[in-house]
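Reading through the structure tokens given below for one structure.
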Amino acid sequence: MSVRENEINTEMVAPLDFSGKRTLWETLTGEKYYKWTLIIPLLLVLAIFMLYPMIYCLFYSFHEWGMRKPPTFAGLENYRDVLRDSKFWLALFKTLQVLVFSIGVELVVAMGISVMFNREFRGQNPIRGFILLPLLISPLAVSMMWNFFLQYDFGVINLTLNLIGLPKVLWFSPKWALYTIAMISIWQWTPFSIFVLLAGLKSLPRDMFEASRVDGASAWYTFWKITLPNLVPLIMIIVLLRTMWLIRLFDPLYGTTRGGAGTELLDWQVYRETFVYFDIGRGSSMAIISLVLTLVVCAIMFRQLMKVLGSQEG
Amino acid sequence: MKIKSVAFWLGTIIVLLIFVLPLMWMYLTSIKANADIYSTSISKLFVFSPTLENYHHLFFKTGFLREFWNTLVVAVSSTALVMAVSLPAAYSFSRYNTGHGHLLFITISTRMFPGAVAAIPFFFGFKALGLLDTTFGLTILYLYFNMSFAIFLLYGFFREIPVELEQAAMIDGHSQLAIFRKVIFPLIKPGAAITAIFCLVFSWNEFLFAFLFTRTAARTVNIGLSTFWTATGMNWGAMAGCTAAAIMPTLAAAWFMQRYIIRGLTFGAVKG
């Protein structure tokens, strides 16, 4: 190994070697190709895990394939059926509903809590540690835990409501189920937003706030005009990541309603179409539509984020 | 000043109750007998005779220990794989802007594909290769599952390392590989550790792929957890015991590595 390294060293020290006799290894670690060599493993993984399923899906989205019979070409039929299916649009709309509701609540709550915690106080480390706990638990375990707490008859939430004189609520009825599931996700993920925003608040230069205090600005004005604009990149990161994760919401559904009670979200529908009904063609076309939607939304957000981060650096 | 401080602590207590109380309640439930769990009387919420029945059931009557071991094997080996692929790739992205951001976006977008459908081609592929219901098969799937997040995280950490250090080493006549090993790696180690923690936790918590790709031999704790839901309804006591035991490792990780995890959550977009 050390001999090998010495060879490369001399190669690097004397780049004006026109002999043209470079071994493959030297070419790969040479100036020109080094950056590509580094991502060869990634490209391989991407080819296997992204290109292959995508091409496979795209191919079978143009086919009629119900598992029992061999696939037959069907053109755009699957897409037409899906786009005409009101259930698909309903699932899409509900996913959007959960998305907007969850991210909205998370951002507002997290902003309040992080502004509150943006100071030095006794026991701050253990308190932050406690708040971090929900974030790292399995989402399935979280949803089953809440499913248990929210049981109609013996759930601790309803018993508590009864105790203070409020009526019990059927948390997993069609009326509430979607929001109950969103709340479970919010409970688990708000700590994420809290810590991202808190880190942002801590990194803001202090003199900015002092200047505004000297000018006699109110705390409210300072928040809107100084704090919030400076947190925009972080808020964008939160929205981007949460959008990506929420569109793929699946585990909380499995742990609670299993798509019943009007909670069939996009990914659950895709799952049911492919692994319960074994309609691979239709499931594939839904997946492609869902992928394109996600890609477009996230590409726009990602570009904005890169722009903001880039302008910060320069 | 005093009112302000009282309000602050009141707020803190409420926040703590919201996030911690449910977890404590879970552990409390896990030492209750089923008769007490299904009781609708308020007093039974707190007054009950504690029992280890649920844990006894979990450890001796279910495959929990096996599932725990499977999950550990898959989480550790997939994390090692993810790091081997992500470290050089993220370095290339951050230092040379390889692919002008497009390739980075494509990498991150791997997670936007609906999991259930990405699973179909793999299901048939794995079936042909005999990888269904094996820890090795699940390990490979988790490479795909964690890679995009790992690269995104590491990308941020690499950006924090000043280019000047490398240039200095380059002038000293070190090769690219030597620079990566001697200059970059020591600096990226904390960031890499944080990324590895996240990969471990995410692998531990993953459900969909484990659910679709394992049956008995390679079952993970999450799958074990989901089996308490039978046709006759949920066995809540056993479920509580299993949840309590299954989330223990990640809770411990959250508690003991909170500083690093919090740092990782900010993606290097914020320094400090």
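Could you tell me which residue out of A:Trp65, B:Val85, B:Ile31 lies farthest along the dipole of the protein assembly as shown toward its positive end? Charges go on the beta carbon: Lys and Arg +1, Asp and Glu -1, centred on the Cα centre.
Of the options given, the answer is B:Ile31.
Roughly how many whole Å is it from the C-alpha centroid of region B:87-157 to that of region A:140-188?
35 Å
If you take the beta carbon distance between B:Lys4 and A:Trp176 as r and set R0 to 41 Å, what does 1/(1 + (r/R0)^6) give as a FRET efficiency, to the nearest 0.05?
0.65
With springs only between Cα atoms under 10 Å, which of B:Phe122, B:Phe113, B:Phe185 fluctuates most in a Gaussian network model of chain B?
B:Phe113
Looking at chain B as a GNM with Cα springs under 10 Å, which of B:Ala84, B:Ala210, B:Ala35 has the largest mean-square fluctuation?
Highest fluctuation of the listed residues: B:Ala35.
What is the distance, in nm, between label points placed 7 Å from the Cα along the Cα-to-Cβ direction at A:Leu83 and at B:Leu177?
Inter-label distance under the simple model: 5.3 nm.
For region A:230-314, which chymotrypsin sites (Phe, Trp or Tyr not before Pro) pass both filters: DSSP loop (anything but H, G, I, E, B) and at most 15 other C-beta atoms within 10 Å?
Those satisfying the criteria are A:Tyr277, A:Phe278.
On a straight-distance basis, which lysines could pair with A:Lys69 in a cross-link, Cα separation under 26 angstrom, same-chain partners fewer than 8 positions away excluded?
Reachable lysines: A:Lys87, B:Lys127.
Less than 27 Å apart at the alpha-carbon level, and either on another chain or at least 8 residues along: which lysines does that give for A:Lys32?
Straight-distance partners of A:Lys32: A:Lys21, B:Lys182, B:Lys189.
Whole Å is fine, so just give me how far the alpha carbon centre of region A:260-278 lies from that of region B:31-46.
35 Å
May I ask you to derive the FRET efficiency for A:Glu120 and A:Val297 from their Cβ-Cβ distance with R0 = 30 Å, giving the value to the nearest 0.05?
0.15
In nm, to one decimal, how far is the B:Thr51 label point from the B:Leu165 one, both placed 7 Å along Cα→Cβ?
5.8 nm
Could you list A:Cys57, A:Cys298 so that the one with the fewest beta carbons within 10 Å of its beta carbon is first and the one with the most is last?
In order of increasing Cβ crowding within 10 Å: A:Cys298, A:Cys57.
Amide H neighbours of A:His63 under 5 Å, at least 5 residues apart or on other chains, H built in the peptide plane: list them.
A:Ala74
Which one of B:Ile179, B:Tyr155, B:Phe8 has its Cα pushed farthest toward the positive end of the charge dipole of chain B, where Lys and Arg give +1 and Asp and Glu give -1 at the Cβ?
B:Phe8
Go ahead and set up a Gaussian network model of chain A, Cα springs under 10 Å, then flag whichever of A:Ile55, A:Ile289, A:Ile186 fluctuates most.
A:Ile55
Just tell me how shielded B:138-147 is by partners: mean number of partner chain Cβ atoms within 10 Å of each residue's Cβ, no decimals.
2
Pop out the ³J(HN,Hα) list for region B:104-112 in order, Karplus 6.51 cos²θ - 1.76 cosθ + 1.60 with θ = phi - 60°, rounded to Hz; leave Gly and Pro as x.
Those phi angles translate into 4, 5, 4, 4, 5, 6, 4, 7, 8 Hz.
Full extension from B:Trp25 to B:Trp229: what is 0.36 nm times the residue separation minus their Cα-Cα distance, to one decimal in nm?
Stretched out fully, the B:Trp25 to B:Trp229 stretch lengthens by 71.4 nm.
Divide by every residue of the protein assembly as shown the summed helix terms, -39500 (n - 2.57) for each DSSP H run of at least 4, and state the resulting mean residue ellipticity at 222 nm, rounded to the nearest 500 deg cm²/dmol.
Taking each H run of at least 4 residues, the total per residue is -22000 deg cm²/dmol.
If the cut-off is a Cα-Cα distance under 27 Å, which lysines reach B:Lys32, setting aside same-chain residues fewer than 8 apart in sequence?
A:Lys168, B:Lys44, B:Lys61
Pop out the ³J(HN,Hα) list for region A:118-124 in order, Karplus 6.51 cos²θ - 1.76 cosθ + 1.60 with θ = phi - 60°, rounded to Hz; leave Gly and Pro as x.
Using θ = phi - 60°, the values come out as 7, 6, 8, 8, 5, x, 5 Hz.
Only sites in a loop by DSSP and with at most 14 other Cβ atoms within 10 Å count here; which trypsin sites (Lys or Arg not before Pro) in region A:226-314 make the cut?
Here the trypsin sites (Lys or Arg not before Pro) that fit, given the DSSP loop and packing criteria, are A:Arg258.
Given a cut-off of under 8 Å on Cα pairs at least six residues apart, what relative contact order in percent is computed for chain A?
27 percent.
Since every read-out is calculated from the coordinates, none of them should be taken as a lab result. This one's a predicted model, so the numbers in the text were calculated from it and none came from an experiment. Here Cβ is always computed from backbone atoms with ideal geometry, including for glycine, and neighbour counts include all displayed protein chains.
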